[in-house]
Amino acid sequence: WVGLSGLVTYLLWACRVYNRLNDIHTAKNVTRLSTSVFTPTVTLKNQHKDGMSACLLVMDDNHFLIEWLAFHYHTLPLRNLVIAVDPRSKTSPQPILNRWKHMNLTIESWRDNDYMTDSEQEEAETFVSNYFGKKIGPDLVRHRARQRLFYYNCMRHLKERNRDWTVLIDSDEFLHVNYPTVEKIPHSGLAAPPMDQRGSLLSLLNAELQRPGNNLTSPCVQIPRVRFGGMESDIRETQKRVPKPFQRPDKFEFMTMKWRKHAHPDDYGNNRISKVLIDLSRVPWNDLKPVDSIHRPIRSMCGQRKLHIRKSQQVVVINHYLGSLEQYLFRDDSRQGNERSLQQYNKAKRVQSETDDDVRPWLEGFVENEGVATASRLLEGAGLVPHTDNR
């Protein structure tokens, strides 16, 4: 018996040594793109339970980014982020990203040369220019070319690291459970996790995948957007469910709390077309190609007919916030003109067909989970536009 016990002990030790050596070998063979932000240890094995990822392009939108990070860290939960900074940015997201250094979030910050060569950029700009013709100017051509290569390389990068659910949205877009739709699915037995629960969206996705006839059969989940306008509500409404320490307008101006009125879900003119959530674990390598459109980043899997998917047809939804005029005009956006102007802002501002408070509980949940001190540090300055001389 002593000999048998010793043999078992030895075999268990040998297995642990083998697994450790294999992990080290695997890690050494994972190609890492250069990063300018801290990069905590990457967990190579990732299942749906391990959190979600995102690819994010930013330009002078730190005031949005602060809340965006905290919101998705809590609700998805976001655990891996690749963020690319437009070279025309006058502000840097670095100080905001550094706040997350000791949190359970891996962040990689890319510059243009981290994901494209000069020749690749030139080729992408030629493609975009030929595709759109004279409809867009040179600045927007460069922006679309950057999108094309960033999202393509970001998805490849995350797939190499065995990531699965990956969100491709902007910093003014907030993805969450679509509670009214979930509640109306007949005989599903599907229970939507509350908004204040950490990881509510991933919990719902895992449950939805088990439901016959679910909406997630394709790796590309197309998600309706709802445009929230700039019509303000009474302060008694906007401060509901906002923890007391965060009711200070000099330190916090949360979009998810301030803006409650939005366009009708079937108003495609204001809501625009869908964005996507992609399960990279189910995407073959051959289907990952330079992105033609952020709305259909994988054309073989993201259907044309679902670009105008209704809110009532999907279990998740994106709140698309306009923000204040000051926030809207802060960025020197390449879409200025027909797509982005004072006239367009005033038109979008007036949408107020419905009122929605579904997202409000997230902040209470985030503060409860992280503590007031940590939450205050991470959220300081949310929504506040910096003065020009402090950029």
Exercise for the section: Could you please let me know if P245 is on the phi < 0 side of the Ramachandran plot and in a loop (DSSP other than H, G, I, E, B)? Expected result: no
Practice task
Check K306 against each of (1) open to solvent by 50 Å² or more (accessible area, probe 1.4 Å); (2) part of a loop (DSSP other than H, G, I, E, B); (3) among the basic types (K, R) and name the one condition it does not meet.
Solution key: (2)
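Which residues, counting only those in segment 349-379, are part of a loop (DSSP other than H, G, I, E, B), open to solvent by less than 20 Å² (accessible area, probe 1.4 Å) and modelled with pLDDT of 95 or more?
Taking segment 349-379 and keeping what is part of a loop (DSSP other than H, G, I, E, B), we get 350-353, 356-360, 371.
The next check asks that each one be open to solvent by less than 20 Å² (accessible area, probe 1.4 Å); those that pass are 351, 359-360.
Across segment 349-379, the qualifying residues are V359, R360.
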Completion exercise
Across (1) touching a residue at least 60 places away in the same chain (Cβ under 8 Å); (2) in a strand (DSSP E or B); (3) touching a Pro at 6+ places or on another chain (Cβ under 9 Å), N80 clears everything bar (3)
Practice task
Tell me, please, whether a residue that is surrounded by 15 or more Cβ atoms within 10 Å (Cβ to Cβ), touching a Phe, Trp or Tyr at 6+ places or on another chain (Cβ under 6 Å) and closer than 24 Å to H63 by Cβ can be found in segment 225-242.
Solution key: yes
Problem - Test for L205: is it closer than 19 Å to E364 by Cβ and touching a helix residue (DSSP H, G or I) at 6+ places or on another chain (Cβ under 8 Å) - result: no
Exercise for the section: Might you let me know whether segment 122-145 holds any residue that is assigned to a helix (DSSP H, G or I) and under 16 Å from the mean Cα position of the chain (by Cα)? Expected result: no
Problem - Those residues of segment 263-294 which are open to solvent by 30 Å² or more (accessible area, probe 1.4 Å), at pLDDT 95 or above and under 19 Å from Y152 (Cβ atoms), in sequence order - result: S281, R282, P284, W285, N286, D287
Exercise for the section: Confirm whether P138 is over 29 Å from E370 (Cα atoms) and without any contact (Cβ under 8 Å) to a residue 24 or more places away in the chain. Expected result: yes
Practice task
Quick one: which residue in T217, T256 is on the phi < 0 side of the Ramachandran plot, among the β-branched types (V, I, T) and not in a loop (DSSP other than H, G, I, E, B)?
Solution key: T256
Practice task
Look at segment 108-145 and say how many of its residues are in contact with a helix residue (DSSP H, G or I) (Cβ under 6 Å, 6 or more places away or on another chain) and more than 27 Å from L158 (Cβ to Cβ).
Solution key: 1
Handout entry: Subset of segment 102-127 (residues that are surrounded by fewer than 16 Cβ atoms within 10 Å (Cβ to Cβ) and in contact with a strand residue (DSSP E or B) (Cβ under 8 Å, 6 or more places away or on another chain))
Key = N104, R111
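Tell me, yes or no, whether segment 47-54 has at least one residue that is in a strand (DSSP E or B), under 22 Å from the mean Cα position of the chain (by Cα) and among the hydroxyl-bearing types (S, T, Y).
First, pick out the residues of segment 47-54 that are in a strand (DSSP E or B): 52-54.
Next cut, under 22 Å from the mean Cα position of the chain (by Cα) only: 52-54.
Next, from what is left, pick out any that are among the hydroxyl-bearing types (S, T, Y): 53.
Yes: one or more hits.
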Completion exercise
Taking segment 175-221 and keeping residues touching a residue at least 40 places away in the same chain (Cβ under 8 Å), open to solvent by 60 Å² or more (accessible area, probe 1.4 Å) and closer than 18 Å to I309 by Cα leaves K184
Problem - Where a residue in segment 263-287 is of a type in the set (K, R) and its partner, wherever it lies, is open to solvent by 30 Å² or more (accessible area, probe 1.4 Å), with Cβ under 7 Å and at least six apart - result: K275/H295
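Here is a yes/no grid of residues against (1) closer than 28 Å to L329 by Cα; (2) open to solvent by 40 Å² or more (accessible area, probe 1.4 Å); (3) of a type in the set (G, A, S):
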site: M52; (1), (2), (3): no, no, no
site: H74; (1), (2), (3): no, no, no
site: P87; (1), (2), (3): yes, yes, no
site: W100; (1), (2), (3): yes, no, no
site: P138; (1), (2), (3): yes, yes, no
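The values are calculated or read from the model by the stated rules, or taken from the named source; none is laboratory data. Since the structure is predicted, the reported quantities are computational estimates derived from the model, not experimental observations. Note that we place each Cβ from the backbone using ideal geometry, even for glycine, and neighbour counts take in every protein chain shown. The protein model used for the area step is the full one, side chains on, heavy atoms only, and it has no ligands, DNA or RNA in it. Shrake-Rupley method; radii C 1.70, N 1.55, O 1.52, S 1.80 Å.
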